[in-house]
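Chemist: Submitted below is the structure of interest, expressed as structure tokens.
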Amino acid sequence: MLSIEDNVNQIRERIANAAIRAGKQPEDIVLIGVSKRVDEDRIRRAVAAGITILGENRVQEAKGKIASLGTPVSWHLIGHLQSNKVKYAVSIFDLIQSVDSVSLAQEIDRRAAQINKVADVLVQLNIGQEATKHGTTAAELWTMLGHMSTFKHIAVRGLMAIPPYMSDPEDSRPYFGRMKELFEQAKTKNIPGINMQYLSMGMSHDFEVAIAEGANMVRIGTAIFGERPYNPI
Ligand SMILES: *Cc1c(COP(=O)(O)O)cnc(C)c1O
């Protein structure tokens, strides 16, 4: 069995190759180690192997981990955020990748204002329009960005998506391609306060296809940490 360090090195190499094939530099792609439901000992090993950004999907779980592991690394929220958790989320995360409605954005703006912070966020799209997934629709994106540009304590830094699961990652290519189109469109609109820097898409089984289609931020859990324990919640 490969160690977490071996996994990190292999993933880095695959990211580098995918970047070069896409005409980019390896360092153009930001790697998020998805540490949800992973114990602290294994997270420490990934950090020792060079992981600098960790992705968590629950505010409560992240709070404990951040308290004990600290912030030599950055922490991103990649899971759905409920409005009653915004207060904590705004104070502990460096990037909230899962903003999926104007009302959530408004609450983030309000809570960020209270602590004199400008919260960096990504807008999450439900690009496959799946009932089981969160995210705004492509049609709603422009209205949402328009509202968000008026919020002084939010800085939109890009877009995030989790396309429908496909056993053959090649089948996800059209979803990734659509995300890249929206990302480029959003750039050309030059909306004040909206900075389209990150396109966060691609997970363990499909990140190479995502990079080929234009992802510059990938979120990888299983391929670094191994299978996660069953989640009873
Ligand atoms: C769990 C999760 C990932 C990582 O998935 P893996 O298949 O384990 O790489 C990425 N993004 C989000 C939003 C997740 O919830």
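The values are calculated or read from the model by the stated rules, or taken from the named source; none is laboratory data. Given the structure is predicted, the values throughout are model-derived calculations rather than measurements. Heads up: the accessible areas ignore ligands, DNA and RNA and are worked out on the full protein's heavy atoms, side chains in. Shrake-Rupley method; radii C 1.70, N 1.55, O 1.52, S 1.80 Å.
Chemist: Could you give each residue of the range 188-196 its phi-based ³J(HN,Hα) in whole Hz, using Karplus coefficients 6.51, -1.76, 1.60 with θ = phi - 60°, and x for Gly or Pro?
Modeler: Karplus-based 3J(HN,Hα) across the range 188-196 equals 5, 6, 6, 6, x, x, 10, 10, 7 Hz.
Chemist: Would you kindly state how much longer the chain becomes between Glu5 and Tyr165 on full extension, computed as 0.36 nm times their sequence separation minus their alpha carbon distance, in nm to one decimal?
Modeler: 54.9 nm
Chemist: How would Tyr175, Tyr165 line up by accessible area, probe 1.4 Å, largest first?
Modeler: Tyr165, Tyr175
Chemist: Using the Karplus equation 6.51 cos²θ - 1.76 cosθ + 1.60 (θ = phi - 60°), what ³J(HN,Hα) coupling, rounded to whole Hz, does each residue of the range 108-122 give in order, writing x for Gly and Pro?
Modeler: 4, 4, 5, 6, 5, 4, 5, 10, 6, 10, 9, 7, 7, 9, 10
Chemist: Okay, next question. With a 1.4 Å probe and all protein chains kept in place, how much accessible area does Lys63 have, in Å² rounded to the nearest 10?
Modeler: Accessible area, nearest 10 Å²: 60 Å².
Chemist: Of all accessible surface on the chain at a 1.4 Å probe, what whole percent is carbon and sulfur?
Modeler: Values: 5380 of 10970 Å².
Answer for the chain: carbon and sulfur cover 49 percent of the accessible area.
Chemist: Taking amide H atoms as placed 1.01 Å from N in the peptide plane, list the residues 5 or more away in sequence, or in a different chain, whose amide H sits under 5 Å from that of Ser74.
Modeler: Ile53, Leu54
Chemist: In whole Å, how far is the Cα centre of the range 109-155 from that of the range 57-89?
Modeler: 17 Å
Chemist: Given H placed 1.01 Å from N in the peptide plane, which residues other than close sequence neighbours of Ala155 have an amide H under 5 Å from its amide H?
Modeler: Sorted by chain and number, the residues that satisfy this are Ala119, Asp120, Val121.
Chemist: Here's another thing I want to ask about it. Using amide H atoms built in the peptide plane, which far-off residues or other-chain residues are under 5 Å from Gly202 H to H?
Modeler: Hits under the 5 Å cutoff: Arg219.
Chemist: Per residue of the range 62-69, in order, report the coupling 6.51 cos²θ - 1.76 cosθ + 1.60 (Karplus, θ = phi - 60°) as ³J(HN,Hα) in whole Hz, putting x for Gly and Pro.
Modeler: For the range 62-69, the Karplus-derived couplings read 5, 4, x, 5, 5, 4, 8, 8 Hz, x marking Gly and Pro.
Chemist: When the helices in the chain are scored as -39500 (n - 2.57) per DSSP H run of 4 or longer and the sum is shared across all residues, what 222 nm value do you end up with, to the nearest 500 deg cm²/dmol?
Modeler: One gets -12500 deg cm²/dmol as the mean residue ellipticity at 222 nm.
Chemist: Continuing with the same structure: Ignoring ligands, DNA and RNA, what accessible area per residue does the chain give at 1.4 Å, in Å²?
Modeler: On a per-residue basis, the chain sits at 47 Å².
Chemist: How large is the Kirkwood hydrodynamic radius of the chain, in angstrom, based on all distinct alpha carbon pairs? Spell out each step's value before the answer.
Modeler: Numbers: mean 1/r = 0.0559 Å⁻¹.
Evaluated over the chain, this radius sits at 17.9 Å.
Chemist: Just want to confirm a number: the relative contact order over the chain, from Cα pairs under 8 angstrom separated by 6+ residues, in percent.
Modeler: This gives 21 percent for the chain.
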